[in-house]
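See structure below.
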Amino acid sequence: MREAMARVRDELGETAIIVSSEELETGGVEVTAVNERRGDARDTEPETVSPVRNQLEMRLKARLRGEAKASQAAALNTDTTATLGLTSTDLSTVLNDHRVPEALADRLLQAASAHDNDDAQAALAHSFGIALDFQPIGEQLPGSIMLIGAPGAGKTVTAAKLAARAVLAGQQVDIITADAVRSGALAQSKAYADVLNQDVAEVRGADELALMLDTRAELGRNRPCIIDTPATNLHDRAELDHTARLVQACRGTDANSTVEPIGVIAAGGDIEDMAEAAQFFAQLGCRRVIISRTDATKRLGGVMAALATARLAVAEFGIKPYLAGGLVAATPSRLADMTLTKSTTSAPQPAVLPRRASASVTPLAGVSPTGSTEPTSA
């Protein structure tokens with residue numbers, strides 16, 4: 001990555017960021033980058049080709065590649081669904097594969113059976129639209145947000161993905177980290193921000209956060225901010241109270257200065273743990289959650305159960321570990337596609353090393369394997 005960034009910045013300047021990367025059959029890697037300029041507009045350098053044109057061409061190529069891959073994936077999914085000839089019984093099996101709780105599965109099947117279309121994905125998407133709530137954030141942030149979640153949920157990476165998407169959509173954002181507890185948290189945030197050519201502000205505790213937000217409002221800094229918080233152990237009262245104070249500090253005196261808390265839940269966890277996390281988010285005033293690491297799990301039943309239990313809307317799905325393109329808007333159709341695809345494809349099996357044969361021991365003459373000096377047979 002360092003070598004790629006160096007070559008990209010040699011070509012496009014110090015403010016260039018990588019949009020996407022793709023492994024080639026030849027073994028190389030194709031990198032697409034754009035130049036998001038910052039600073040004084042008068043600080044320009046003569047170039048033989050318009051940087052705006054370069055950016056538009058690069059984004060168009062990246063978009064075309066993405067659409068081509070999406071159409072191929074859609075065709076594959078359609079063929080798979082058609083080949084399976086999914087019925088209500090098959091949908092029941094699909095939901096069972098994902099370990100969807102029985103009560104929720106029955107509700108989804110009932111809604112799917114009432115759908116007029118025979119297409120399984122459309123019927124399943126229809127049922128998700130009835131049983132669950134979806135509220136995507138959008139490429140540009142409508143306002144400031146705070147991310148909260150349990151250890152390992154991926155809040156810092158999610159914050160960087162949201163910032164990257166906003167920057168690529170032409171919106172500048174501020175990044176604030178309140179994670180003064182975890183070792184290396186600030187360095188990780190700054191590493192992501194450096195790739196995006198953004199700054200990171202650090203606060204320690206709810207009082208400093210409230211003061212920073214008030215100062216931003218007084219100075220008329222209207223650009224949205226993304227606030228990363230320390231991981232919250234749901235079984236530690238002190239950490240629960242600390243997170244609650246951080247959320248309270250984000251409730252400004254007017255609607256324009258209010259920060260929306262959004263929970264982050266990693267897919268693939270224990271169903272009860274995910275449901276408890278969602279309920280905690282709801283108690284803090286969250287209306288939406290982001291589901292991270294959907295690419296690293298095969299079963300989504302815990303995600304569905306958590307959303308239904310806490311009555312929270314899902315905003316985004318984390319589908320890739322990369323900053324650019326790592327998040328997609330959560331929609332019923334997207335969830336239905338992931339549900340069917342993950343149920344009809346097997347996860348790659350890990351390679352098993354052959355068991356090493358145990359070494360045979362030939363006892364010495366006159367000494368038994370137990371160490372006694374009794375005679376042994378040849």
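Need the full-extension length gain, residue 31 to residue 172, defined as separation in residues times 0.36 nm minus the C-alpha distance. One decimal, nm.
Working: separation 141, 0.36 × 141 = 50.76 nm, distance 2.30 nm.
Separation in residues times 0.36 nm, less the Cα-Cα distance, equals 48.5 nm.
Contour minus end-to-end for residue 21 and residue 199, with contour as 0.36 nm per residue of separation and end-to-end as the Cα-Cα distance?
Details: separation 178, 0.36 × 178 = 64.08 nm, distance 2.40 nm.
Length gained between residue 21 and residue 199: 61.7 nm.
Rounded to the nearest whole Å³, what is the per residue volume of the convex hull around the Cα atoms of the stretch 217-329? Present the calculation step by step, with values, prior to reporting the outcome.
On the way: hull volume 13.8 nm³, N = 113.
Spelled out: Cα convex hull of the stretch 217-329, divided by residues, is 122 Å³.
Determine, at each q value in 0.17, 0.20 (inverse angstroms), the log₁₀ of I(q)/I(0) that the Debye formula gives when each Cα of the stretch 277-336 is one equal point scatterer.
Computed log10 I(q)/I(0) values: -0.57, -0.77.
When all protein chains stay in place, what accessible area (Å², nearest 10, 1.4 Å probe) is found for residue 213?
Answer for residue 213: close to 20 Å² accessible.
If I take R0 = 25 Å and measure r between the Cβ atoms of residue 283 and residue 92 in this structure, what FRET efficiency does the formula 1/(1 + (r/R0)^6) give, to the nearest 0.05?
Numbers: r = 33 Å, r/R0 = 1.33.
For R0 = 25 Å, the calculated efficiency reads 0.15.
When you count, for each residue, the other Cβ atoms within 10 Å and take the mean per peptide, how do 316-326, 164-174, 214-224, 237-247 rank with the highest first?
Final packing ranking: 316-326, 164-174, 237-247, 214-224.
Working out 0.36 nm times the residue gap between residue 140 and residue 270, then minus their Cα-Cα distance, what length gain in nm do you get to one decimal?
Numbers: separation 130, 0.36 × 130 = 46.80 nm, distance 3.23 nm.
Difference between extended and current length: 43.6 nm.
The values are calculated or read from the model by the stated rules, or taken from the named source; none is laboratory data. Computed from a predicted model, the values in this text were never measured in an experiment. Quick reminder, even Gly has a Cβ in these numbers, built from the backbone with ideal geometry, and neighbours come from all protein chains shown. Protein only, heavy atoms only, side chains kept; ligands, DNA and RNA dropped before computing areas. Shrake-Rupley method; radii C 1.70, N 1.55, O 1.52, S 1.80 Å.
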